[in-house]
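Laboratory data are not the source of any read-out in this text; all were calculated from the coordinates shown. Model, not experiment: these values are computed from the prediction. Cβ: placed from backbone, ideal geometry, glycine included. Neighbour counts: every protein chain shown.
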Amino acid sequence: MVPMSESVEIRANTALPAIRQPITLTTSDGLHLVGELALPAGRAPVATMIALHPLPTHGGMMDSHIFRKAAWRLPALADVAVLRFNTRGTESAGGKSEGEFANATTEQFDVEAAVQFAIDAGLPQIWIVGWSFGTDLALKFGLLPGVKGAILLSPPLRFSTAADLLRWENDGRPVVALIPELDDYLRPEAAKESFSPLSQAELIPITGAKHLWVGEPSVYRVLSEIVLRLNPDSTPLPRTWDGPYETVVDLPPAR
């Protein structure tokens, strides 16, 4: 950590203080999944986000940039615990999870393992935050005891169905969907029709954004929307930091 006596701008490669620990999730079908839990340093978290990453066959993993930056920033800026992991068969710098990609079928056990880990660890106010493929996992498998709601980033609705939306509708837990104006798969106008079975869905169109949320303005908006639900007292998120920090080099691509 670099000690600082004056504020610095939070950039793409800025990692703020947190307690970061590797974890292993064990699924009910016997697989071991690679993960990380990032906690606020020196205080208890107020809320928890479980990150479900984009499509692993197209480069998605626990280090996909929005979730990596959430783990680097939100414990310090918003007292939010960030649990991220590689679904079955997915590899990142931290290692490869056992098993094979299963087209949003047996990934059900991965989601269940992550939620159970958070519950067993006593983590508070658990929200599932899915991105792209991860939104399908959230809608299909995230309606679990202990989960407060779901936040969807760039939902393509590729694997999830109207029946999945109706289960959330009947349950009543909140669902927030951030829909990029220039998304490759589902844009704001089409999303209104696609999400019509889910009356409580809060659809938020994001002007100028794309599916991968590349660029610091998009990252800041996404993290702000997450914190607005998990710990609104920490909004607006600061754009500067006046404590110790790390500058991370050799970043993976923004996926």
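Just to verify a number: FRET efficiency for T26 and F101, C-beta to C-beta distance, R0 = 22 Å, to 0.05? After rounding to 0.05, the efficiency reads 0.75. Charging the Cβ of each Asp and Glu at -1 and of each Lys and Arg at +1, and nothing else, the dipole of the chain about its Cα centre rounds to 200 debye. For the options V129, V46, V111, a Gaussian network treatment of the chain with springs between C-alpha atoms closer than 10 Å singles out V46 as fluctuating the most. From the square roots a ≥ b ≥ c of the eigenvalues of the alpha-carbon gyration tensor of the range 67-210, which class results: rounded (a/c under 1.5), prolate (a/b over b/c), or oblate? Rounded shape, in that the Cα axes give a/c under 1.5. Here the chain is treated as an ellipsoid with the same Cα gyration tensor; its semi-axes, largest first and in whole Å, are 26, 21, 17.
With contributions of -39500 (n - 2.57) from each DSSP H run of at least four residues, the per-residue ellipticity at 222 nm computed over the chain stands at -8500 deg cm²/dmol. Inter-part distance, the range 1-65 to the range 84-122, computed on C-alpha centroids, equals 14 Å. The slack between E216 and A190, meaning 0.36 nm per residue of separation minus the straight C-alpha distance, is 6.7 nm. Here's the picture: charge each Lys and Arg Cβ at +1 and each Asp and Glu Cβ at -1 in the chain, and of A121, P238, I23 the one pushed furthest to the positive end of that dipole is P238.
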